[in-house]
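Working notes, structure below.
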Amino acid sequence: MNTIYILNGPNLNLLGTREPEIYGKTTLADIEQMCQDFGASRALAIQFLQTNHEGQLVDWIQEAAQKAQGLLINPAAYSHTSLAVRDALSACQIPVVEVHLSNIHRREPFRHLSYVSQVATGIICGFGADGYLLGLQALLCLLGNERGPRRS
Ligand code: DQA
């Protein structure tokens, strides 16, 4: 059975009440349930975690690199600020999908640069909570468990 780590950065514990006009009304617990249901239907073990602390995120990225076959990460504001998170991801030998609920490129200019995007395998943003499921689907394709997009 493949294990996927899903890591969530600062303030994502507030989803549901935090700026719902931007992030929607779905809570992080709802998103975890969606991901656990998806994982159960595809024989994936999902480790779903959230922290407000940069060092904790780095520790979990290093743990995922040892224990998981794929990593989905919403680094939240650390996407735009953290070289430590970027470097931890760069050292990962497993596929990494970066996800954002909002389309960071339609927002303030300071959100347009993500250090994480430079080392992620791929990026999904702007699809709200569904982005997590799209990201899991992408990881399944990368792991060879499902067909990806047609190439011809
Ligand atoms: C976010 C986008 C970031 O710019 C922001 O700091 C967040 C959430 C998103 O999911 O849309 O906290 O990662």
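The values are calculated or read from the model by the stated rules, or taken from the named source; none is laboratory data. Given the structure is predicted, the values throughout are model-derived calculations rather than measurements. All Cβ positions, even for glycine, are placed from backbone atoms using ideal geometry, and neighbour counts span all protein chains on display. These accessible areas exclude ligands, DNA and RNA; they are computed on the full protein's heavy atoms, side chains included. Shrake-Rupley method; radii C 1.70, N 1.55, O 1.52, S 1.80 Å.
Being aliphatic (A, V, I, L, M), closer than 29 Å to Leu143 by Cα and within 16 Å of the ligand (Cβ to nearest atom) is the filter here; which residues of the stretch 1-27 pass it?
In the first step, residues of the stretch 1-27 are kept if they are aliphatic (A, V, I, L, M); the result is 1, 4, 6-7, 12, 14-15, 22.
In the following step, the residues that additionally are closer than 29 Å to Leu143 by Cα were identified as 1, 4, 6-7, 12.
Across the stretch 1-27, the qualifying residues are Ile6, Leu7, Leu12.
Which condition from (1) closer than 20 Å to Gly122 by Cβ; (2) assigned to a strand (DSSP E or B) is the one that Leu49 breaks?
Only one criterion in (1) closer than 20 Å to Gly122 by Cβ; (2) assigned to a strand (DSSP E or B) is unmet by Leu49, namely (1).
Looking at this structure, is Ala43 open to solvent by less than 70 Å² (accessible area, probe 1.4 Å), at pLDDT below 95 and either farther than 24 Å from Glu21 by Cβ or of a type in the set (A, V, I, L, M) (or both)?
Values: open to solvent by less than 70 Å² (accessible area, probe 1.4 Å): yes; at pLDDT below 95: yes; either farther than 24 Å from Glu21 by Cβ or of a type in the set (A, V, I, L, M) (or both): yes.
Yes: the conditions hold for Ala43.
Of these, Asp87, Asp59, Asp30, which one is closer than 20 Å to Gln137 by Cα, away from the ligand (no atom under 11 Å from the Cβ), part of a helix (DSSP H, G or I) and open to solvent by 30 Å² or more (accessible area, probe 1.4 Å)? Even if it seems obvious, please write down each step before you answer.
On the way: Asp87 fails: closer than 20 Å to Gln137 by Cα; Asp59 fails: closer than 20 Å to Gln137 by Cα.
Asp30 is the lone residue from the list that is closer than 20 Å to Gln137 by Cα, away from the ligand (no atom under 11 Å from the Cβ), part of a helix (DSSP H, G or I) and open to solvent by 30 Å² or more (accessible area, probe 1.4 Å).
Please verify whether Pro20 is open to solvent by 40 Å² or more (accessible area, probe 1.4 Å) and either in contact (Cβ under 8 Å) with a residue 60 or more places away in the chain or not charged (D, E, K, R) (or both), treating the condition exactly as stated. Reasoning before the result, please.
Values: open to solvent by 40 Å² or more (accessible area, probe 1.4 Å): yes; either in contact (Cβ under 8 Å) with a residue 60 or more places away in the chain or not charged (D, E, K, R) (or both): yes.
Judged against the criteria, Pro20 is a match.
Would you be able to tell me the number of residues in the stretch 124-152 that are in contact with a Ser or Thr (Cβ under 9 Å, 6 or more places away or on another chain) and either open to solvent by less than 40 Å² (accessible area, probe 1.4 Å) or not in a helix (DSSP H, G or I) (or both)?
The total comes to 6.
Just checking, does the stretch 111-123 include any residue being over 21 Å from Asn2 (Cβ atoms), assigned to a helix (DSSP H, G or I), more than 12 Å from the ligand (Cβ to nearest atom) and open to solvent by 70 Å² or more (accessible area, probe 1.4 Å)?
So far as the stretch 111-123 goes, yes, one or more of its residues are over 21 Å from Asn2 (Cβ atoms), assigned to a helix (DSSP H, G or I), more than 12 Å from the ligand (Cβ to nearest atom) and open to solvent by 70 Å² or more (accessible area, probe 1.4 Å).
With the requirement that a residue be more than 16 Å from the ligand (Cβ to nearest atom) and outside any strand (DSSP E or B), what does the stretch 62-82 give you?
Here is the first cut: in the stretch 62-82, the residues more than 16 Å from the ligand (Cβ to nearest atom) are 62-70.
Result: Gln62, Glu63, Ala64, Ala65, Gln66, Lys67, Ala68, Gln69.
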